[in-house]
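Comments concern the structure below.
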Amino acid sequence: SKNDERIKVLGTMAELDRAQGKYDEAKERYLEVLKTAKKMNANSEEEVDVSIINSIAGYAEILRKAGDLWQAEALHRKVRNMLMASKFANETEGTGTETV
């Protein structure tokens, strides 16, 4: 969808900004990704896209570098939980349908 592409482009641009030390610009792009994702998933129970998880992790890293360790740690925990939930969902997907 158009929003999926927007998320991927903004996330990539944020990563580039962060790599170049443009933390304010990267922070704004990461926040835009998160706002777009929140709008998309407001009424959805679908699995969260990896690009969204990466954006949250990138935003957390910027917060860490800025000295906001408490907020950064909270977001890192959120990312870890999202990844574990995604891994669990992928492992249980199709359970009972495999043939041995």
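The values are calculated or read from the model by the stated rules, or taken from the named source; none is laboratory data. Here the structure is a predicted model, which means the values were calculated and not measured. Backbone-built Cβ (ideal geometry, glycine too); neighbour counts: all protein chains shown. The area values use the complete protein model at the heavy-atom level, side chains included, leaving out ligands, DNA and RNA. Shrake-Rupley method; radii C 1.70, N 1.55, O 1.52, S 1.80 Å.
Starting from the Cα-Cα distance between Asn3 and Glu25, subtract it from 0.36 nm times their residue separation and give me the gain in nm to one decimal. Display every interim value, and only then the final one.
Values: separation 22, 0.36 × 22 = 7.92 nm, distance 2.00 nm.
Roughly 5.9 nm would be gained on extension.
Could you tell me which of His76, Tyr30, Ala57 has its Cα farthest along the dipole of the stretch 1-77 towards the positive end, charges placed at Cβ (Lys, Arg +1; Asp, Glu -1), taken about the Cα centre?
Farthest along the dipole direction, towards plus: Tyr30.
Ranked from the most accessible area to the least, with a 1.4 Å probe and all protein chains present, what is the order of Arg80, Arg6? Provide the component values of the computation, followed by the final result.
Values: Arg80 125, Arg6 105 Å².
Ranked list, largest accessible area first: Arg80, Arg6.
Could you pull out which residues in the stretch 3-39 have an amide N less than 15 Å from a spot 7 Å beyond the Cα of Ser51, following the Cα-Cβ vector?
3-16, 29-39
Within the stretch 1-75, what whole-number % of the accessible surface is contributed by carbon and sulfur, with the 1.4 Å probe and all protein chains included in the calculation?
Values: 2410 of 4920 Å².
After summing per-atom areas, the C and S share lands at 49 percent.
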